[in-house]
Amino acid sequence: MIEFKKLHKSYPIGKKDSLHVLKGLDLKINEGEFVSIMGSSGSGKSTLLNIVGLLDTHDEGEYFLNEQKIEKLDEKKAAILRNKFLGFVFQSFNLIGYKTALENVALPLYYKGVGRKERQETALKYLDKVGLKNWATHLPNELSGGQKQRVAIARALVTNPKVVLADEPTGALDSTTTDSVMELLTDINNEGMTVFVITHEEEVAEQTDRVVRLKDGVIISDEITEKGKLTGRYV
Amino acid sequence: MKFLFDKDTWQEIYSSIRKNKLRTGITIIGVMWGIFLLVVLLGAARGVENNFNRLFGNFATNSVFVWAQSTSKPFKGFQEGKGLRLKMSDLDAINREIEGLEFVVPRHQGQAQAVHNFKYGNFGVFGDYPMLDKVQKKDLVYGRFINENDMKDRKKVCVIEEEIYKQLFDADVYPIGAYIKLNDINFQIVGMYKEGAIGTGGPQGAIHIPFTTFQQVYNRGDSVGWFMITGKKEYDIKQIEADVKLLLRNLHSVHPQDERAFGSFNLGEAFGKFMGFLKGMQFLTWFVGIATLIAGVFAIGNILLITVKERTKEIGIRRAIGAKPWEIKRQIILESVFLTTLAGALGIIFGGLILMLIDSTVGSGPEATLTNPTVDIPVVLIAAVALIVFGTLIGLIPAQTAVSIRPIEALREE
């Protein structure tokens, strides 16, 4: 589903220097996996997510998304691929403040070109799935943090993507809501969705099946968790 | 173009506009003010022009008055200071020799005491041709103007101004058929007219009698007091004035360069100067209006640009969930166009209301300062279209800014 070969990324600093963030990553994530990328800040995990999410481009190496080699993407193509294959969940939820929960969830379908009625129905279905059907007409500032993140997850799922990318999905939540959000992600994964989580919290990583640890732009370990072993997927 | 008719497109625009009520309000006021000024100024300028036309409307403006004075140069054995008099034969010569004439109206002018029963007054008396009615249209209240029969039979009839009627008659007396005495000669009133705003008979009003009668009664032989000459539209009235005066000098044995022998007043020239002033005012109106409009449109662009900065994050989210750059651009341009159009429409409506207000207060009646202050529909449409075009163009700037920010940077924005 996601595959990197010798992936490099640097950011220019000033005119001459550059910061080498990713130093030749090799990683393969198969369909249906529940993977977390662990690392402290500055380890390059956010950069990695941005590249995976087609929000940023890599410098060297190869990146395959859904068996498709990603290169020379213009914004339009990237937008179409994002809409088709990827669902984003952000740390700060990133809901649009003046739209209701339902409208927020329906928005990706709007850009996909889905008709109005079908959009409403699908969005409502996904809101129901995250347990917020009764909150459909509420604005984000009327929801709790956990509820907001669930709306965001519904929005990520609504286009039925190949991968859900979650950037510190629990970073802004307390431990109880963290658990419920992780449970939700687990449920989604159990339904066959590839879930790719970025975190620096050990407890969060433990709830995924596979933990890839990143330090200074290099993968230092790639392990199956206790929970992962139980799934029987990695034999 | 399908998106233009898509309910969702408009819903998106509506919600983003509603989100920023203050900005939307300020933006709309900016452009509204521009088009409002344009409409009101154009309407006012039109009002001034209409008013001017109303005042001079009954008056052939391409005209010149010529009268005789006395020579200022000795010529052909005559000393300077020779008195001159226009004659009926000059009329034929002018009509024969000068090109581009519309009417040449000979007139006589004098003063007379008019008496009716026990009321009397001093008024200007004019000896006139029926033709005068074509050059200075008389707004007749009762009766008729002088006609050919009056001329032929030298009838003692007269046409009086309403002002004179008021002075000589009791109210509610029908003047037609009544007699008034002019210097002890009875004249029957055949017509009464209302004077236009530009008086021609002096403050006391004018009495018109047939030209031939005037000649006879006042013993003027075949002389003419002055000529009122109107030229066709396509001819230069200044040239006609010069030609006529040269011809007259020739006919009356006056030195060809004797400028003082014949006097003249060129109404066309005076009118032209005023029209030039009006044109200048209109140009100024357009200039100010369009400049204000452009300023308003820039205000919209500016505010949208600020909004785009404010909405960087939202735009980033939209792009992360699959909005193509063109879709983002389109929305911002449409917002701009929508705002300018709405503001333009409001400006036109308010401008129209103000013009209606002007019209109902100072826009009608004889004392009006602005008559029918209006704006042509095509002008308004052109202004509206220009607004939409400007709106689109100015919307391009924030739209480009919106998509030039990479989604990742947009999302980092807190």
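Total residues in region B:312-327 satisfying the condition of being more than 8 Å from chain A (Cβ to nearest Cβ) and surrounded by fewer than 20 Cβ atoms within 10 Å (Cβ to Cβ): the figure is 1. Mind listing just one residue for me: the one in region A:126-138 that is closer than 13 Å to A:ALA156 by Cα and part of a helix (DSSP H, G or I) and, of those, nearest to the other protein chains (Cβ to nearest Cβ)? Here the residue is A:TYR126. The set of residues in region A:69-91 that are away from chain B (no Cβ under 14 Å) and touching a residue at least 12 places away in the same chain (Cβ under 8 Å) contains only A:ILE70. Taking the criterion of being touching a strand residue (DSSP E or B) at 6+ places or on another chain (Cβ under 8 Å) and either outside the structural domain of B:PRO74 (by TED's automatic domain parsing) or not in a loop (DSSP other than H, G, I, E, B) (or both), the residues of region B:246-257 that qualify are B:LEU248, B:ARG249.
Give the residue that is nearest to B:GLY272 (Cα to Cα), with candidates limited to residues of region B:49-91 that are of a type in the set (Lys, Arg) and part of a loop (DSSP other than H, G, I, E, B). Filtering first and then ranking leaves B:ARG85. The single condition among (1) without any contact (Cβ under 8 Å) to a residue 12 or more places away in the chain; (2) under 23 Å from A:LEU48 (Cα atoms); (3) under 16 Å from the mean Cα position of the chain (by Cα) that A:SER221 does not meet is (3). Being of a type in the set (D, E, K, R), within 30 Å of A:VAL114 (Cα to Cα) and assigned to a helix (DSSP H, G or I) is a property that B:ARG46 lacks.
If you go through region B:130-157 and keep only what is of a type outside the set (D, E, K, R) and within 25 Å of B:ILE229 (Cβ to Cβ), you end up with B:PRO130, B:MET131, B:LEU132, B:VAL135, B:GLN136, B:LEU140, B:PHE145, B:ILE146, B:ASN147, B:MET151. Could you tell me whether any residue of region A:133-143 is touching a helix residue (DSSP H, G or I) at 6+ places or on another chain (Cβ under 6 Å), more than 13 Å from A:ALA101 (Cβ to Cβ) and at pLDDT 90 or above? Looking for residues that are touching a helix residue (DSSP H, G or I) at 6+ places or on another chain (Cβ under 6 Å), more than 13 Å from A:ALA101 (Cβ to Cβ) and at pLDDT 90 or above, one finds none in region A:133-143, hence no. With respect to (1) within 34 Å of the chain's Cα centre (by Cα); (2) crowded, with 16+ Cβ neighbours inside 10 Å, the lone exception for B:GLU97 is condition (2). Taking region B:109-127 as the range and being farther than 17 Å from B:GLY205 by Cβ and crowded, with 22+ Cβ neighbours inside 10 Å as the test, no residue passes. The residue that is nearest to B:VAL31 (Cα to Cα), counting only those in region B:300-326 that are touching a Lys or Arg at 6+ places or on another chain (Cβ under 6 Å) and free of Cβ contacts under 8 Å to residues at least 40 places away in the same chain, is B:LYS324.
The single condition among (1) away from chain A (no Cβ under 14 Å); (2) under 30 Å from B:LYS313 (Cα atoms) that B:LYS21 does not meet is (1). Reported count of residues in region B:367-414, each being modelled with pLDDT under 80, β-branched (Val, Ile, Thr) and more than 30 Å from B:PHE287 (Cβ to Cβ), is 2. Considering the conditions (1) buried (at least 19 other Cβ atoms within 10 Å of the Cβ); (2) more than 10 Å from chain B (Cβ to nearest Cβ); (3) assigned to a helix (DSSP H, G or I), A:SER43 is excluded by exactly one of them, (3).
Say whether the condition of being assigned to a loop (DSSP other than H, G, I, E, B) and more than 22 Å from A:ILE29 (Cα to Cα) is met by at least one residue in region A:174-195.
So the first thing to find is which residues in region A:174-195 are assigned to a loop (DSSP other than H, G, I, E, B), and the list is A:174, A:191-193.
Checking the rest, the ones that are also more than 22 Å from A:ILE29 (Cα to Cα) come to A:174.
Yes, there is a match, as at least one residue in region A:174-195 is assigned to a loop (DSSP other than H, G, I, E, B) and more than 22 Å from A:ILE29 (Cα to Cα).
Could you look through region B:296-308, keep only residues that are surrounded by fewer than 24 Cβ atoms within 10 Å (Cβ to Cβ), out of contact with any Pro (no Cβ under 8 Å at 6 or more places or on another chain) and at pLDDT below 80, and pick out the one that is farthest from the other protein chains (Cβ to nearest Cβ)? It comes out as B:ALA299. Scanning region A:200-230 for residues that are assigned to a helix (DSSP H, G or I) and surrounded by fewer than 17 Cβ atoms within 10 Å (Cβ to Cβ) yields A:GLU202, A:GLU203, A:GLU206, A:GLU226, A:LYS227, A:LYS229, A:LEU230. Kindly establish whether A:ALA166 is crowded, with 22+ Cβ neighbours inside 10 Å, among the small types (Gly, Ala, Ser), free of Cβ contacts under 8 Å to residues at least 60 places away in the same chain and more than 10 Å from chain B (Cβ to nearest Cβ). Spelling it out, it is not the case that A:ALA166 is crowded, with 22+ Cβ neighbours inside 10 Å, among the small types (Gly, Ala, Ser), free of Cβ contacts under 8 Å to residues at least 60 places away in the same chain and more than 10 Å from chain B (Cβ to nearest Cβ). Being in contact (Cβ under 8 Å) with a residue 60 or more places away in the chain and among the basic types (Lys, Arg) is the requirement here; does B:LYS134 meet it? Judged against the criteria, B:LYS134 is a match. For region A:92-115, taking the residues that are crowded, with 18+ Cβ neighbours inside 10 Å and touching a residue at least 60 places away in the same chain (Cβ under 8 Å), the one that is farthest from the other protein chains (Cβ to nearest Cβ) is identified as A:PHE93.
The values are calculated or read from the model by the stated rules, or taken from the named source; none is laboratory data. Note that the structure is predicted; figures quoted are calculated from it, not measured. Reconstructed Cβ throughout: ideal geometry from the backbone, glycine too, with neighbour counts over all protein chains shown.
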